[in-house]
Ligand code: NAD
């Protein structure tokens, strides 16, 4: 028996990285997954490998959400879960950040999460309840120089998570957030996008960097975040809602002076 047998789950940003691993694990656990992304070729390929449904969904666009939900209902008749995973990162100091760049990150990371909750929530209620997992970040819990826009949006994702948990509990919808530290995906390891580059070598370099920063001594793997998202989507977390779950190898625990 799978932990998600018979459940229909929409995962945004699922063409690669953490979302891809969530789509793979959720499928293996019996879910019918809707792979949603703006990377159509990669998303279609993954969905066809998994026997899942692909939908083009720019999470910042209201109309795309409506169409994605319609496609999920048409394919599977119901929706039981949502993983708001899509996100983008831009490096800049606050004083150097153009407004356009700030608004672009807000549109995807923050507005995307809001639209997901607002559009999918009623369908979860219609199904008798369900789960929403929002992807925040280590930077939702603390500051990090040079990623101020990103950190602001991830703090906002936690606010949305808590309020949605309060407002949707009566409809048996649980809402939680994952807060990953550094995870080895194209976001933190762009070499993964370059067919010429040695992604393995870049991963080893990341491990070396995080050996000094993170108590567990390495960068995280997207499969590890997927297991946390599975926990929060399955009945294993049946009495948990409104909470941030940090998955960062101990990074946020503090600093070592020796
Ligand atoms: P990634 O860049 O590999 O994946 C992000 C996915 O989101 C991609 O498939 C991309 O096409 C999709 N996406 C981007 N804009 C979109 C949009 N407008 N609509 C729909 N899809 C869109 O990175 P990842 O690490 O897998 O990121 C997944 C989530 O985890 C993001 O929310 C990210 O902010 C968060 N996160 C990542 C890390 C990390 O170190 N990798 C750490 C903390 C949080």
Which semi-axes, in whole Å and largest first, does the equivalent ellipsoid of the stretch 155-244 have when worked out from the alpha carbon gyration tensor as the square roots of 5 times its eigenvalues? 33, 13, 12
Rg (Å, one decimal) plus Dmax (Å, integer) for the alpha carbons of the stretch 2-132? 15.0, 49
Once every DSSP H run of n ≥ 4 in the chain is given -39500 (n - 2.57) and the sum is divided by its residues, what mean residue ellipticity at 222 nm do you get, rounded to the nearest 500 deg cm²/dmol? -13500 deg cm²/dmol
Of 105, 178, 163, which is the most mobile in a GNM of the chain whose springs link Cα atoms less than 10 angstrom apart? 163
Per GNM of the chain with C-alpha springs under 10 angstrom, the most fluctuating residue out of 183, 240, 132 is 240
Per-residue Cβ neighbour rank within 10 angstrom, fewest leading, 179, 113: 179, 113
Which of 244, 180, 195 moves the most in a Gaussian network model of the chain with Cα springs under 10 Å? 195
Roughly how far apart, in whole Å, are the Cα centres of the stretch 214-229 and the stretch 69-114? 22
What value in Å³ per residue do you get for the convex hull of the alpha-carbon atoms in the chain? 134
Give the angle, between 0 and 90 degrees and rounded to the nearest 10, that separates the Cα long axis of helix 112-126 from the longest principal axis of the Cα atoms of the chain. 30
Zero-based 10 Å bins, Cα pair distances in the stretch 57-183, whole percents: 14, 42, 31, 12, 2
If one takes the longest principal axis of the Cα atoms in the chain, at what angle in degrees, from 0 to 90 and to the nearest 10, does the Cα axis of helix 62-76 lie? 60
Cα convex hull of the stretch 60-103, projected area averaged across orientations, nm²: 4.3
For the Cα atoms of the chain, what angle does the longest principal axis make with the long axis of helix 222-233, in degrees from 0 to 90, nearest 10? 40
Can you sort 32, 212, 73 so the residue with the fewest Cβ neighbours within 10 Å comes first? 212, 73, 32
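No value in this document is a laboratory result; all are computed from the given coordinates. Just so you know, these numbers come straight off a predicted model, no measurement behind them. Note that we place each Cβ from the backbone using ideal geometry, even for glycine, and neighbour counts take in every protein chain shown.
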